[in-house]
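The structure appears below as structure tokens.
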Amino acid sequence: MVELGTQPGFFGGAPVGFQVVFILVTAGILFTVVMAVVKGISNAAAPLLTVEVKVVAKRYKVKGHMHTQDNVPMHSSTTYYFVTFEKENGERIELQVKDREFGLIVEGDVGTLSYQGDWFRGFLRRQR
């Protein structure tokens with residue numbers, strides 16, 4: 001019988017199930033990081049577009065988080081805000097916006113939207 005940790009190699013004789021789970025979790029994390037970097041590079045390379053739009057919808061998504069600190073359960077949440085704009089040709093685009101922008105934009109507003117890839121850059125409301 002061989003003791004755990006006495007085998008050569010990265011896993012040192014750890015059970016195969018542990019090795020598989022470790023590899024899958026590591027691959028998942030690596031994939032998520034690579035995709036975030038690729039998306040950021042893609043957005044940065046996209047042209048800055050400015051178009052006339054109408055605000056047709058607003059929504060938000062709340063994600064809850066739970067962790068422990070000094071053995072005390074801690075709860076927190078993050079809110080993500082989204083606005084759907086309709087271009088003059090009928091095409092719709094939904095962009096994530098900051099909370100301040102979300103509060104200032106109202107459904108039915110008409111104005112000029114600036115965006116770059118998936119990044120919201122600004123909205124200038126036209127006076128009615």
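The values are calculated or read from the model by the stated rules, or taken from the named source; none is laboratory data. If you're wondering where the values come from, they're calculated on a predicted model, not measured in any experiment. Reconstructed Cβ throughout: ideal geometry from the backbone, glycine too, with neighbour counts over all protein chains shown.
If we keep just the residues of region 1-34 that are part of a helix (DSSP H, G or I) and modelled with pLDDT under 85, which is farthest from Trp119 (Cα to Cα)? Of everything passing the filter in region 1-34, Val16 is farthest from Trp119 (Cα to Cα). Here is a check on your reading of the model: is Gly117 in contact with a helix residue (DSSP H, G or I) (Cβ under 6 Å, 6 or more places away or on another chain), of a type outside the set (A, V, I, L, M) and surrounded by 15 or more Cβ atoms within 10 Å (Cβ to Cβ)? Criteria met by Gly117.
Across region 69-85, the qualifying residues are those that are exposed (fewer than 10 other Cβ atoms within 10 Å of the Cβ) and of a type in the set (S, T, N, Q), and the one among them that is nearest to Glu107 (Cα to Cα) is Thr78.
Considering every residue within region 35-54, establish whether at least one is outside any helix (DSSP H, G or I), surrounded by 10 or more Cβ atoms within 10 Å (Cβ to Cβ) and free of Cβ contacts under 8 Å to residues at least 60 places away in the same chain. Yes - at least one qualifying residue is present in region 35-54. The listed residues are Val53, Val38, Val25, Val34, and the only one of them that is β-branched (Val, Ile, Thr) and more than 21 Å from the chain's Cα centre (by Cα) turns out to be Val53.
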